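Data first, discussion second: the structure below is written as structure tokens.
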Amino acid sequence: MSRIAATFQKLQAQGRKALIPYVTAGFPYADITPELMHGMVAAGADVIELGVPFSDPMADGPVIQQAGERALALGIGMRQVLEMVRNFRTRDARTPVVLMGYANPVERYDGIHGSGAFVRDAAAAGVDGVLVVDYPPEECVDFAAQLKAHGLDLIFLLAPTSTGQRMAQVAKVASGYVYYVSLRGVTGAGHLDTSAVEAMLPTIRQHVKIPVGVGFGIRDADTARAVGRVADAVVIGTRIIQLIEQQPREGVVPAAREFLAGIRQALDA
């Protein structure tokens, strides 16, 4: 059983929902990410999504896009991201880490280091899952098999526009959890309609038998609590990036911890 599956199984037995924060690797300071990850776990995070910086992030809104640009300017690429996970693992062997990003950095890494190098090195570093935004499920069978052979989960996005056919395709190759994008558009966009999320989840669960996390538009304890009533996990990214982007170095981890502790408390209430 993967670390992600074990985490969801334990939470389900406790009647609790997973809190999954997203941060861009190497933001806002190149060396702060492992420390920030530990801080988020201390505040109640169950899984961490670590964004791999990329120059053309088509699904990201302006906040996460700018975070990625700043990380790239600090020299953060896939090699550095894997080193951050390796560093995190020296003190935390329990919390699942998911890399979220785009095909280009994955394929470029393999181009430099050899076919299959990304999956091999991600597993060795302690990564538990991969979400590649621009990999469609019908083209991912071999990649999913590679990941599975190394004990990693392949996570997919679903959207309000996803058809039953698309959900069925995702169900064939997805593992760990699926990430339901609750809004049309990019990260950080719009106003979350929790009733629409509630209406959509039974349809998703007809096709997908693994846990469903919901993200995009969750900004505070109230929206997190509302989504947590119907989903298996709550994913928060843009709001965390906004909270830490202007902090001095010593303020980054406390700001993230304080915010996530409030979300954790709301989910457990």
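Below is a table of values for the structure above.
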item	result
Viscosity 0.890 mPa s, temperature 25 °C, Stokes-Einstein D of the range 1-85 from Kirkwood C-alpha radius, µm²/s	176 µm²/s
Pair Asp31, Arg79: separation of 7 Å Cα→Cβ label points (nm)	1.9 nm
Inter-label distance for Ala13 and Ala123, nm, one decimal - labels placed 7 Å from Cα along Cα-to-Cβ	2.6 nm
Virtual spin-label span in nm between Glu258 and Ala199, 7 Å along Cα→Cβ	3.8 nm
GNM result for the chain, Cα springs below 10 Å: residue of Glu83, Glu198, Glu250 fluctuating most strongly	Glu250
Length gained when the stretch Gln247-Gln206 is fully extended (0.36 nm per residue, less Cα-Cα span)	10.4 nm
Among 52-62, 235-245, the order from most to least packed when residues are scored by Cβ within 10 Å on average	235-245, 52-62
Dipole magnitude (debye, nearest 20) for the chain, charges at Cβ of Lys, Arg, Asp, Glu	700 debye
Stretch gain in nm, segment Lys148-Thr90, where the contour uses 0.36 nm per residue and the Cα spacing is subtracted	18.5 nm
Ellipticity estimate at 222 nm from DSSP helix runs (n ≥ 4, -39,500 (n - 2.57)) divided over the chain, nearest 500	-15000 deg cm²/dmol
Cross-link partners of Lys209 among aspartates and glutamates (Cα-Cα below 12 Å; sequence separation of 8 or more within a chain)	Asp232
Under the Karplus curve 6.51 cos²θ - 1.76 cosθ + 1.60, θ = phi - 60°, whole-Hz ³J(HN,Hα) for the range 17-34, x wherever Gly or Pro sits	10, 6, 9, 10, x, 10, 9, 7, 4, x, 10, x, 10, 4, 9, 8, 4, x
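Every number in this text was worked out from the coordinates using simple rules, so none of it is lab data. Predicted model, so just to flag it, every value in this text is computed and none were measured. Virtual Cβ from ideal backbone geometry, glycine too; neighbours counted across all protein chains shown.
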